[in-house]
Amino acid sequence: MLFRSPIRASCRGGAWQTDLAYPKASAPVQFSRALARAEASGAAAYLWIDFRRETSAPGLKELEILFTIPDKSARATVRVLIDDAESRTFTISQIHDRILIRSRKPFSTMKLFVERGSLFLDGFVPTYVDAPKLVLDTLSIPGATARAWRIVEPSFLRTWGPATPYDLALLQYGTNEGNSSTFDRAQYARMLRESLAGFRAAYPNASCVLIGPTDRGVLVRRGGKKRKKSAAPSNLLLYARIHYEISQLQSEIGKEFGCAFWNWQRAMGGPGSMYRWQRAQPALAATDLIHLTKLGYQESARRFSEDIDRKSTRLNSSHIPLSRMPSSA
């Protein structure tokens, strides 16, 4: 299954910078549910979004925009233009502020202009005319690690967005934490335990599934007419073995926090499977032997869905909730 962002188009300009939670040095840090935010420093920053989805018909009933001001004494002024017709100006004065946009009729586009001051844009909460049966938030950040959950302030996470918490959270980490030939098992276990404790403090009742890292290969560099010395067979499985350890720890520690576990590496075929996926026709893995191709991710999604369906069917007959699924996938 392939999910796409439910907007038609977006455009931004001016002095915007992306600010991420996971690289922060110490706790607590205040970030919204995306664990990321956009900082506008100075006037002339703008952001335009077309919220239309499958059809061209206007689909928004209202739109909540979430802000944070860098310090208590700061002020910022923003102007919002709806469907290139209705213009409204707002002063952002509270350290954590939000504005609610309602229109006389359904609308599609929003243009946000920062006219004065600096602010953090924490996110948008759209309310659609035809409410979807399922709401999926995809909060994926390239390079991110699970440590963001260890340092983010749980109470602030609960402040923003809809009052109803998530029914299910899928947490996929491990590849970036394992990107070291000197991987420390004890250090990773400590970080994961602290991170899951932070996640549970923010979302105590959500069902949770940890998704382990994929398999990973090692590139053998070749140059010129003569091939460089090939890596020893044991080195070709260096990162595959690290990912195996990470998957074991996620399976064991996840149980402590009521999280199920899906072993992505095992679903691919176990350590070394990345090489087979890359050589497949058509290729299921990228040539970097870390990422998958579009087809590879689609195949992974199918295998994940099948595994979860099998476990749910088996465990529902025993009246065991999903959040308590054994982590032996």
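The values are calculated or read from the model by the stated rules, or taken from the named source; none is laboratory data. Remember, predicted model here, so these are calculated numbers, not experimental data. Ideal geometry is used to build each Cβ from the backbone, glycine not excepted, and the neighbour counts take in all protein chains shown. Protein only, heavy atoms only, side chains kept; ligands, DNA and RNA dropped before computing areas. Shrake-Rupley method; radii C 1.70, N 1.55, O 1.52, S 1.80 Å.
Restricting attention to segment 71-90, and to residues there that are assigned to a strand (DSSP E or B) and of a type in the set (Lys, Arg), which single residue is surrounded by the most Cβ atoms within 10 Å (Cβ to Cβ)? Outline the logic, then answer.
Residues of segment 71-90 assigned to a strand (DSSP E or B): 76-82, 86-90.
From what is left, the residues that are of a type in the set (Lys, Arg) are 79, 88.
Working: ARG79: 15, ARG88: 12.
Checking each candidate, the answer is ARG79.
Matching residues to (1) open to solvent by less than 40 Å² (accessible area, probe 1.4 Å); (2) at pLDDT 95 or above:
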residue	(1), (2)
GLY223	yes, no
GLU252	no, yes
GLY258	yes, yes
ARG266	no, yes
GLY269	no, yes
THR293	yes, yes
TYR297	no, yes
ILE320	no, no
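Against the condition touching a residue at least 12 places away in the same chain (Cβ under 8 Å) and either of a type in the set (Lys, Arg) or in contact with a helix residue (DSSP H, G or I) (Cβ under 7 Å, 6 or more places away or on another chain) (or both), how does GLU177 come out, does it pass?
Yes, satisfied.
Go through segment 225-250 and give me each residue that's among the polar types (S, T, N, Q) and at pLDDT 95 or above. Give the steps one after another, and end with the answer.
If we filter segment 225-250 for residues that are among the polar types (S, T, N, Q), which is where we start, we get 230, 234-235, 247-248, 250.
Passing the criteria: SER247, GLN248, GLN250.
So which residues in segment 165-198 are open to solvent by 40 Å² or more (accessible area, probe 1.4 Å), within 19 Å of SER32 (Cβ to Cβ) and either touching an Asp or Glu at 6+ places or on another chain (Cβ under 9 Å) or in a helix (DSSP H, G or I) (or both)?
Matches in segment 165-198: TYR166 only.
Which of (1) touching a strand residue (DSSP E or B) at 6+ places or on another chain (Cβ under 8 Å); (2) open to solvent by 40 Å² or more (accessible area, probe 1.4 Å) is the odd one out, the single condition GLN94 does not satisfy?
If we test GLN94 against (1) touching a strand residue (DSSP E or B) at 6+ places or on another chain (Cβ under 8 Å); (2) open to solvent by 40 Å² or more (accessible area, probe 1.4 Å), just (1) comes out false.
Just for segment 199-208: of the residues that are part of a helix (DSSP H, G or I) and of a type in the set (Gly, Ala, Ser), which one is surrounded by the fewest Cβ atoms within 10 Å (Cβ to Cβ)? I'd like the intermediate steps shown before the answer.
Initially, segment 199-208 is screened for residues part of a helix (DSSP H, G or I), giving 199-202.
Narrowing the set further to residues that are of a type in the set (Gly, Ala, Ser) leaves 201-202.
Details: ALA201: 15, ALA202: 19.
So, considering only residues that are part of a helix (DSSP H, G or I) and of a type in the set (Gly, Ala, Ser), the one surrounded by the fewest Cβ atoms within 10 Å (Cβ to Cβ) is ALA201.
Output the qualifying pairs, or none if there are none: Cβ atoms under 9 angstrom, residues six or more apart or on different chains, first residue in segment 129-155 and under 15 Å from TYR166 (Cα atoms), second residue loosely packed, with under 14 Cβ neighbours inside 10 Å and hydrophobic (A, V, I, L, M, F, W, C).
Every condition considered, the pairs that remain are LEU136/PHE3; THR138/PHE3.
For segment 2-43: of the residues being in a loop (DSSP other than H, G, I, E, B), open to solvent by 60 Å² or more (accessible area, probe 1.4 Å) and among the hydroxyl-bearing types (Ser, Thr, Tyr), which is modelled with the lowest pLDDT?
Here the answer is SER5.
Out of curiosity, is LEU121 more than 18 Å from ILE65 (Cβ to Cβ), assigned to a strand (DSSP E or B), in contact (Cβ under 8 Å) with a residue 40 or more places away in the chain and among the hydrophobic types (A, V, I, L, M, F, W, C)?
Values: more than 18 Å from ILE65 (Cβ to Cβ): no; assigned to a strand (DSSP E or B): yes; in contact (Cβ under 8 Å) with a residue 40 or more places away in the chain: yes; among the hydrophobic types (A, V, I, L, M, F, W, C): yes.
Spelling it out, it is not the case that LEU121 is more than 18 Å from ILE65 (Cβ to Cβ), assigned to a strand (DSSP E or B), in contact (Cβ under 8 Å) with a residue 40 or more places away in the chain and among the hydrophobic types (A, V, I, L, M, F, W, C).
In segment 247-277, which residues are in a helix (DSSP H, G or I), touching a residue at least 24 places away in the same chain (Cβ under 8 Å) and out of contact with any Gly (no Cβ under 7 Å at 6 or more places or on another chain)? Don't jump to the end; show me each part of the working.
Quick first cut of segment 247-277, residues in a helix (DSSP H, G or I) only: 247-256, 264-268, 273-277.
Subsequent filtering for residues that are touching a residue at least 24 places away in the same chain (Cβ under 8 Å) retains 247, 249-256, 264-268, 273-275, 277.
Within segment 247-277, LEU249, SER251, GLU252, ILE253, GLY254, LYS255, GLU256, ARG266, ALA267, MET268, SER273 qualify.
Filter segment 91-116 down to the residues that are in a loop (DSSP other than H, G, I, E, B) and modelled with pLDDT under 90 and list them by number.
Step one: list which residues in segment 91-116 are in a loop (DSSP other than H, G, I, E, B), which gives 93-95, 108.
Listed by number, the residues that qualify are SER93, GLN94, ILE95.
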